[in-house]
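Nothing in this text is a laboratory measurement; each read-out follows from the coordinates by a stated rule. Note that the structure is a prediction, hence the values are computed from the model and not measured. Cβ atoms come from the backbone with ideal geometry, glycine included; neighbour counts cover every protein chain shown.
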Amino acid sequence: TAGITQAPTSQILAAGRSMTLRCTQDMRHNAMYWYRQDLGLGLRLIHYSNTAGTTGKGEVPDGYSVSRANTDDFPLTLASAVPSQTSVYFCASSERGGDYNEQFFGPGTRLTVL
Amino acid sequence: GQNIDQPTEMTATEGAIVQINCTYQTSGFNGLFWYQQHAGEAPTFLSYNVLDGLEEKGRFSSFLSRSKGYSYLLLKELQMKDSASYLCAVRDGGYKLSFGAGTTVTVRA
């Protein structure tokens, strides 16, 4: 079982360009999340989706958009990248109704905006 | 808002015990998680507490006091592979997590 996959692994992007970070899970989890991780700040929630067809804003949503057309995929789009969006991006998923509902994380995408 | 505090760094010797404290002030509480994250890798789940008390899992234990807004992660019989960041996270009334900045533990021989 692959769990959660993210693509690309890393990317250098020119400021002003758009980009979509891909996230796919094969665990049939209802909920999915996007975080960014910056040194000294920890993981911060960007957007989340409790179930296919619904999305919500997290702590730092500005400059990002998401969609959840089906259970497995949860892409994150940067419409016009800025240098402050340089970060490591993690996608995660969790089941609802289980014992812990812990979140499982993908391997991350390292994005540099120049 | 959510406020979750944990020390930035800790150093310990192989075979020793280290305790990582986490204090939190959150608008809702539906459980506290500890994650381990090795450098350059994804966080992985270590433990979960929702009721007061101690949860033990092998060399790792986690404690929660909801009235004090306090948790700790205890790592026993430290091994070199335990060198990593340890993340404290609080779940609100829904399913979202708020994370502390993480504690980097360095294990020395």
> Total Lys pairs in the protein assembly as shown closer than 27 Å by alpha-carbon, pairs eight or more apart in sequence or interchain only?
Replying inline: 7
> When a footprinting reagent is the concern and you count Cβ atoms within 10 Å, what order do A:Val82, A:Val88, B:Val107 take, fewest first?
Replying inline: A:Val82, A:Val88, B:Val107
> At B:Gln25 and A:Thr9, where each label point lies 7 Å from the Cα along Cα→Cβ, what is the point-to-point distance in nanometres?
Replying inline: 4.3 nm
> Quick one: length gained pulling B:Leu51 to B:Thr11 fully straight, 0.36 nm per residue minus the C-alpha distance?
Replying inline: 11.5 nm
> Applying the Karplus parametrisation 6.51 cos²θ - 1.76 cosθ + 1.60 with θ = phi - 60° to the phi angles of the range A:22-32, what ³J(HN,Hα) value in whole Hz is obtained for each residue in order, glycine and proline being reported as x?
Replying inline: 9, 9, 9, 10, 10, 9, 6, 6, 6, 9, 9
> When chain A is modelled as a GNM with alpha-carbon springs shorter than 10 Å, which of A:Gly58, A:Gly40, A:Gly16 fluctuates the most?
Replying inline: A:Gly40
